[in-house]
Amino acid sequence: EVQVVESGGGSVPPGGSLRLSCTIEEVDLWFPFSRNCMGWFRQVSGEAREGVAAIGIDGRETLYGDAVKGRFTISRDNAKNTVYLQMTSLKPEDTAMYYCATTNTGYCDHPLLNRLVFADWGQGTQVTVSS
């Protein structure tokens with residue numbers, strides 16, 4: 001019922017910028033986009049999925065993983081059912097598959113950078129940072 005679709009990935013040189021978008025294309029009436037927290041995670045093949053950023057229902061509260069804090073910014077536009085991840089000063093170690101996720105409870109008091117609280121995931125968009 002809930003479709004999570006990421007876009008905006010690509011290949012960029014170190015120090016470059018990229019903006020990822022995540023759109024909920026099918027919204028469950030009982031658990032609309034604006035009533036759920038959103039998150040971005042990333043994963044390198046063979047490694048655990050790592051929390052990147054999370055955002056509360058109205059965009060006021062955000063969390064970032066230590067590896068990206070100060071470089072990445074998460075935001076959301078509830079009118080467009082879309083969450084963004086603006087990435088700047090990209091490093092080769094940022095190379096990964098980036099996944100967008102949403103809670104499915106219809107209630108999120110505070111965002112958490114924990115993959116276990118997110119129920120619906122996108123297919124991922126690849127980000128490659130190399131010279």
For the stretch 51-73, list residues with backbone N below 19 Å from a point placed 7 Å from the Cα of ALA79 toward its Cβ? 57-60
How far is the Cα center of the stretch 69-131 from the Cα center of the stretch 1-24, in Å? 9
Highest first, please rank the peptides 34-43, 89-98, 106-115, 48-57 by the mean number of other Cβ atoms sitting within 10 Å of their residues. 34-43, 48-57, 89-98, 106-115
Taking 0.36 nm per residue of separation and subtracting the Cα-Cα distance, what length does fully extending ARG49 through ALA67 add? 5.1 nm
Put a dot 7 Å past each Cα toward the Cβ at SER131 and SER34; how far apart are the dots in nm? 4.9
Calculate the FRET efficiency for LYS91 and VAL2 from the Cβ-Cβ distance with a Förster distance of 30 Å, rounded to the nearest 0.05. 0.40
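Values quoted throughout were computed directly from the atomic coordinates according to the rules given, and no laboratory measurement underlies them. None of these values were measured; they are calculated from a predicted model. Every residue, glycine among them, receives a Cβ derived from its backbone with ideal geometry; neighbour counts consider all protein chains shown.
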